[in-house]
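So the structure is just underneath, and the comments pick up after that.
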Amino acid sequence: MRGIYIHIPFCHQICHYCDFNKVFFENQPVDAYIESIEQELSILKQSGADFSMVETVFFGGGTPTALTAPQLDRLLEIVHSYVDVRSLTEFSTEANPDELTEEKLRVLKNGLVSRLSLGVQSFDAGLLKKIGRSHSPEQAVQVIGSARKNGFHDISIDLIYALPGQTQTQWDATLDRALELELPHYSAYSLIIEPKTVFYNLMNKGRLPLPGEDEETVMFAKLIDRMQQAGRRQYEISNFAVPGKESVHNMIYWENDEYAGIGAGAHGYLNGIRYANIAPLKRYMSAVSEGRLPRIEEHEVTLQEQMEEEMFLGLRKTEGVSAARFEEKFGRPLEEVYGTVLDELAEKDLTERHGTRIRLTRNGIFKGNEAFQQFLG
């Protein structure tokens with residue numbers, strides 16, 4: 001278990017594109033839910049999970065910073081009782097710019113949180129409103145200043161492009177403002193319309209004017225080039241960092257290593273089993289109160305599936321898949337298992353060999369799904 005992901009499903013406002021497990025904060029059993037996190041960690045420990053090798057802890061959501069300062073403090077206290085936080089490589093939380101008060105920043109700092117991941121999404125006020133965000137561009141800039149004053153320097157922001165009605169000029173302006181902040185890490189994703197979201201319903205009614213595929217490709221190309229010019233290396237398809245400031249927690253996912261998923265609707269990968277927790281809050285809380293792991297789904301990953309995952313997760317990283325690591329992990333040479341597929345992908349200019357590694361070409365980075373598809377059984 002290299003990492004622990006803890007899901008906080010509460011939000012003060014639901015974004016129009018979000019399909020994660022979340023509920024409005026008001027009238028929810030928030031304090032009781034936090035105690036349920038403690039119960040799940042306790043059950044996991046009793047079941048034999050080894051917390052001594054944990055490198056990262058990540059609070060995701062929902063919105064972890066929807067919690068009050070005392071609630072955040074209690075959550076941190078729980079984590080400290082199970083994990084040697086001082087020995088972590090990285091302790092991260094997601095945060096909303098308009099919820100991260102000075103008091104919450106101090107609580108996080110005192111709790112030894114080392115990294116903030118801010119959901120900024122855009123620096124265009126009109127687009128922020130259109131996608132259901134509650135903060136302004138100015139609040140995003142201000143909160144980064146406050147975070148730095150409170151001793152946080154490992155800060156990342158999330159951006160989304162190919163938003164409804166978004167122009168190239170608007171995307172240029174967002175990239176300008178983002179890079180002016182000189183942050184060590186940026187994540188940027190193209191908008192994906194998921195079922196059960198406001199945007200999905202609007203799209204089905206023909207009321208969602210999305211940029212075309214060509215426009216989206218231009219935005220992605222701009223993103224890559226601008227980040228590179230600013231010294232932020234693309235280390236994964238959607239992630240850019242000053243060398244040495246890559247997200248260690250997310251690398252656990254892409255390196256196909258094991259991590260615990262804690263909380264309602266969380267996903268994890270432990271002892272060769274991928275699992276999903278019960279999503280509805282009360283059912284999740286009821287399960288842990290009965291002393292059982294709150295899992296609704298478990299899947300023992302076969303050797304074949306492990307090899308497939310190693311490829312399509314590993315190829316998301318710009319350094320690609322290590323043939324030596326593949327053979328060490330699975331006892332079979334990479335070429336023996338996937339030689340024919342890799343030859344075909346190379347012919348299409350989607351992958352290339354770089355020393356002992358296989359990685360996506362620039363063309364492959366733009367057509368990643370076409371390459372990944374080849375490794376899905």
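FYI, it's all coordinate maths here, none of it is from the lab. All figures in this text were calculated on a predicted structure; none of them were measured in a lab. Cβ atoms come from the backbone with ideal geometry, glycine included; neighbour counts cover every protein chain shown.
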Between the modelled labels at Gln229 and Lys282 (7 Å from Cα along Cα→Cβ) the distance in nm is 5.5
For the chain, calculate the relative contact order in percent as a whole number, restricting contacts to Cα pairs under 8 Å that are 6 or more residues apart. 16
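Which loop-located GluC sites (Glu not before Pro) does region 1-60 contain, where loop means any DSSP state but H, G, I, E or B and the Cβ has at most 12 other Cβ atoms within 10 Å?
On the way: sites: Glu26, Glu35, Glu38, Glu40, Glu55; in loops: Glu26, Glu55.
Those that pass, being in a loop and sparsely packed, are Glu26.
Cβ under 9 Å from Gln121's Cβ, Gln121 left aside: what net charge do those residues give with Lys, Arg +1 and Asp, Glu -1? Show your work: numbers first, answer last.
Details: positive: Arg133; negative: Asp158.
Summing Lys/Arg as +1 and Asp/Glu as -1 gives 0.
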Among Gly132, Gly62, Gly268, residue whose mean-square fluctuation peaks in a GNM of the chain (springs only between Cα atoms under 10 Å): Gly132
Cβ-derived FRET efficiency at R0 56 Å, Asp50 paired with Ala221, nearest 0.05: 0.80
Take the chain, connect every pair of alpha-carbon atoms lying under 10 Å apart with a spring to form a Gaussian network, then pick out the residue of Ile224, Ile296, Ile160 with the largest mean-square fluctuation. Ile296
Among Gln304, Gln13, Gln139, the residue with the largest mean-square fluctuation in a Gaussian network model of the chain built from Cα contacts under 10 Å is Gln304
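Greater than 20 Å separation of Cα atoms is the criterion. Which listed pairs, Lys329/Lys367; Lys245/Lys317; Lys130/Lys367, meet it? If you can, show how the numbers build up before the last one.
Working: Lys329/Lys367 27 Å; Lys245/Lys317 15 Å; Lys130/Lys367 28 Å.
Pairs exceeding 20 Å: Lys329/Lys367; Lys130/Lys367.
Excluding Glu103 itself, what net charge comes from residues whose Cβ is under 13 Å from its Cβ, given Lys and Arg +1 and Asp and Glu -1? If you can, show how the numbers build up before the last one.
Working: positive: Lys104, Arg106, Lys109; negative: Asp73, Glu99, Glu102.
For residues surrounding Glu103, the net value is 0.
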Taking the Cα centre of each part, how many Å lie between region 1-15 and region 136-159? 19
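So how do Thr167, Thr93 line up by other beta-carbon neighbours within 10 Å, fewest first?
Thr167, Thr93
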Dimensions in Å of the chain - Rg and Dmax from alpha carbons: 20.9, 57
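Between Leu293 and Ser146, what length in nm is gained on full extension when 0.36 nm per residue of separation is reduced by their alpha carbon distance? The partial results should precede the final answer.
Working: separation 147, 0.36 × 147 = 52.92 nm, distance 3.89 nm.
Difference between extended and current length: 49.0 nm.
Would you mind classifying region 195-335 by shape? Square roots of the alpha carbon gyration tensor eigenvalues, ordered a ≥ b ≥ c; an a/c under 1.5 is rounded, otherwise it is prolate if a/b is larger than b/c and oblate if not.
On the way: a/c = 2.00, a/b = 1.13, b/c = 1.78.
Oblate.
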Fewest to most Cβ atoms within 10 Å: Thr56, Thr302 sort as Thr302, Thr56
Any aspartates and glutamates with Cα under 16 Å of the Lys282 Cα? List them, leaving off those in the same chain fewer than 8 positions away. Glu26, Asp31, Glu35, Glu38, Glu40, Glu290
Taking the chain as a whole, which cysteines find no other cysteine Cβ under 4.7 angstrom from their Cβ? Cys11
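I'd like the GluC sites (Glu not before Pro) in region 211-293 restricted to DSSP loop residues with at most 10 other Cβ atoms within 10 Å, sorted by number.
Details: sites: Glu213, Glu215, Glu216, Glu236, Glu246, Glu255, Glu258, Glu290; in loops: Glu246, Glu255, Glu258, Glu290.
Loop-located and lightly packed - Glu290.
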